[in-house]
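As structure tokens, the structure follows; a few thoughts come after it.
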Amino acid sequence: QTIEYITKDIDFGAPSVRKKIYKIIVNYIPGGSSTDIDVTYAINGSGSFSAMSANLDADTSVVERVEIKPNVKVNNIYSFQLKFAGTAEETFEIEDITIIYRTKKVK
């Protein structure tokens with residue numbers, strides 16, 4: 001089956017403070033061999049998604065952990081959004097998503 005999941009535009013509870021995104025950690029259950037999910041991101045509510053360093057494409061039925069970094073630096077942003085799109089098994093599940101970021105000093 002083909003899926004597309006887009007997160008809300010995440011501002012980490014501080015919409016007017018600049019942030020730097022370091023990496024995203026996703027724990028998921030692939031559900032089988034035909035799972036191939038592309039992970040992309042958008043910043044500041046643009047709706048224009050860019051590539052990340054890895055995809056969700058393991059072929060097991062146990063929880064997998066993947067650390068994903070944006071292909072370019074994501075610095076001085078106000079909000080961040082993720083998109084998961086591709087082919088997934090019926091038993092595919094995202095267990096949790098962790099975003100490692102730092103707030104920038106207010107000038």
Worksheet item: Counting only the backbone N, which residues of the range 55-75 are under 14 Å from the spot 7 Å out from the Cα of Arg102 toward its beta-carbon?
Response: 74-75
Worksheet item: Just one of (1) 39, 30, 26; (2) 43, 28, 25; (3) 49, 23, 22 is Cα extents along the principal axes in Å calculated from these coordinates, so which is it?
Response: (3)
Fill in: Cβ charges +1 (Lys, Arg) and -1 (Asp, Glu), total dipole of the chain, debye
1300
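None of the figures in this text is laboratory data; all of them are computed from the coordinates on show. In this text, all values refer to a predicted model and were calculated from it rather than measured experimentally. Ideal geometry is used to build each Cβ from the backbone, glycine not excepted, and the neighbour counts take in all protein chains shown.
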